[in-house]
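Let me begin by presenting the structure, written as structure tokens, before commenting on it.
A short reminder: the numbers here are calculations on the coordinates, not readings from a lab. These figures come from a predicted structure and were not determined experimentally. For neighbour counting, all protein chains shown are included, and Cβ atoms are generated from backbone atoms with ideal geometry for every residue, glycine included.
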Amino acid sequence: MTEHEVVRRFARAEGRVQGVGFRFFVQQTAMELELTGWVRNESDGSVTMEVQGDMSVIDTMMQKLKAGNGFCKVSNLILEGRDVRADEHSFDIRY
């Protein structure tokens, strides 16, 4: 059994992502995939997040976010690397 490397990614989602339950959708998806991190609305209408876990699982999450949930529509998703946080154990909605 190979050990998977834990990585952390910052993401900015643009499109119809505020006022449609997108943060809850992000949190629910992350928790189902056992990822940690946070998500929050930004004043420019985008939603930002940091997601931590196995890269292949993060890729799966990003595909789910791009597909949406019937209410949200991600038109652009930007990913950047971040340093892993060893002290993080949940996925939170930030306000």
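Across all directions, the average flat footprint of the convex hull enclosing the Cα atoms of the chain is 6.1 nm².
The charge dipole of region 17-72, taken about its Cα centre with unit charges on the Cβ atoms of Lys, Arg (+1), Asp and Glu (-1) only, comes to about 200 debye. Estimated from helical segments only, the mean residue ellipticity of the chain at 222 nm is -8000 deg cm²/dmol, where each DSSP H run of four or more residues counts as -39500 (n - 2.57). Computed from Cα atoms, the angle from the helix 22-32 axis to the main principal axis of the chain rounds to 20 degrees.
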